[in-house]
């Protein structure tokens, strides 16, 4: 497997299918090594697909003589960290909402119990 980006081009167009075929398993391992058990299989698949999408979106600025493996590895690394951060923020928001709901219910019950005396 020759890893220069230019070797994954046909008629000056990137062969994304070939890249997906050759690097999906490798990138899945990269993602799992970063996230451990923090991300679900669906989340890992989403990061994997987002990695290839980012590669596709940047296809016009890729240097044909640079190796592709470090480039897509860094994309996968950054997207995995971003996904984990988003999930952590969502969990914090969920906890805040639960606490806020609990306080609202407690206050209502306390208020109504005082009003009925």
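Some observations on this one:
- Only residues that are outside any helix (DSSP H, G or I), over 12 Å from residue 73 (Cβ atoms) and touching a residue at least 60 places away in the same chain (Cβ under 8 Å) were counted in the range 1-42, giving 1.
- Of the criteria (1) over 24 Å from residue 84 (Cβ atoms); (2) touching a helix residue (DSSP H, G or I) at 6+ places or on another chain (Cβ under 8 Å); (3) surrounded by fewer than 16 Cβ atoms within 10 Å (Cβ to Cβ); (4) at pLDDT 90 or above, which one residue 3 fails: (4)
- The number of residues in the range 45-76 being crowded, with 19+ Cβ neighbours inside 10 Å and over 18 Å from residue 18 (Cβ atoms) comes to 1.
- Filtered by the rule that a residue be in contact (Cβ under 8 Å) with a residue 24 or more places away in the chain and out of contact with any helix residue (DSSP H, G or I) (no Cβ under 7 Å at 6 or more places or on another chain), the range 47-70 gives 59, 67, 69.
The values are calculated or read from the model by the stated rules, or taken from the named source; none is laboratory data. The shown structure was predicted, so the numbers you read here are calculated from the model rather than taken from an experiment. We place every Cβ from the backbone using ideal geometry, glycine too, and count neighbours over all the protein chains shown.
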